[in-house]
1. For segment 10-64, give me the residue count where each residue is part of a loop (DSSP other than H, G, I, E, B) and β-branched (Val, Ile, Thr).
2. Among the candidates 51, 61, 56, single out the residue that is touching an Asp or Glu at 6+ places or on another chain (Cβ under 7 Å) and either farther than 22 Å from residue 150 by Cβ or not assigned by TED's automatic domain parsing to the domain that holds residue 194 (or both).
3. Are any residues in segment 107-133 in a helix (DSSP H, G or I), over 16 Å from the mean Cα position of the chain (by Cα) and either at pLDDT below 85 or farther than 12 Å from residue 86 by Cβ (or both), and if so, which ones?
Amino acid sequence: MNQNIISYSGSTILLVEDEESLAIGLEFNLTEEGYSVTWAKDGKLAMELIDQYEFDLIILDIMLPYFNGFEIAAHIRQKSPQVPVLMLTARTAADDRVQGLQIGADDYITKPFHLQEVLLRIRNMLKRKSWYRAVTESQPIIEFGNNYINFENLTAHVGDCDITLTQREAMVMKYLVENKGRIVSRQELLEQVWKTSSDIETRTVDNFIVRLRKHFEIDPGNPQYIKSVRSAGYIFTDGTTSDPDISQPTNNAE
């Protein structure tokens, strides 16, 4: 293990994978990296372990006996909103990736994959979790307009409705709030929230902005709080800051 790379040694990982040879290899390499790994061979055992124990990160296959990965991810989000979930799947259909992210998965990787890519994503996800915990402690709750967000339990009150955010939605929103009144580029969001600069397309950022606007804007097509700055990025304003020269949403975030 490269001692110059933070590995978050000692972090507990639940590996949910029914393909034995793959699971044994992953378990061995994750243990070599210093992680404490528990292996669940099917969805039923995974559900039992999730109900009994707390994990720092969960690696979750989609195609599983008893309960599939989508059902397990939904259960995880009800019990532990902030635990990072990496979906591991042989499926390549975009609909599966979107469904996983909507349910609350933080990232996904498609089989076959390179071991080093999985290890890097795990390190980045644990890094994001550490950052989110730190910034949440300083400002766990915000209010703007008729919106109320509790970043600790990932819940929000929007008008007359209560909603639950995914961890990634909360992270993006938290970063924009932390930088209220300042233009934040897509690249900055990738680097500071996703903790990566190249393995996720900027279009992914735009999709999350679209979802946040649907949550918190009265008119998502004419946003009041999460605004676009043409060719520059996004800016959060709660009405108490002076706005720069802000455009309407661009084609990248319709």
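1. Residues flagged as part of a loop (DSSP other than H, G, I, E, B) and β-branched (Val, Ile, Thr) within segment 10-64 amount to 1.
2. 61
3. To start, the set of residues in segment 107-133 that are in a helix (DSSP H, G or I) comprises 115-133.
Going one step further and asking which of them are over 16 Å from the mean Cα position of the chain (by Cα), we end up with 115-117, 119.
Once the filter is applied, which keeps residues that are in a helix (DSSP H, G or I), over 16 Å from the mean Cα position of the chain (by Cα) and either at pLDDT below 85 or farther than 12 Å from residue 86 by Cβ (or both), segment 107-133 yields 115, 116.
The values are calculated or read from the model by the stated rules, or taken from the named source; none is laboratory data. Worth saying up front: this structure is predicted, and the values here are computed from it rather than measured. Virtual Cβ from ideal backbone geometry, glycine too; neighbours counted across all protein chains shown.
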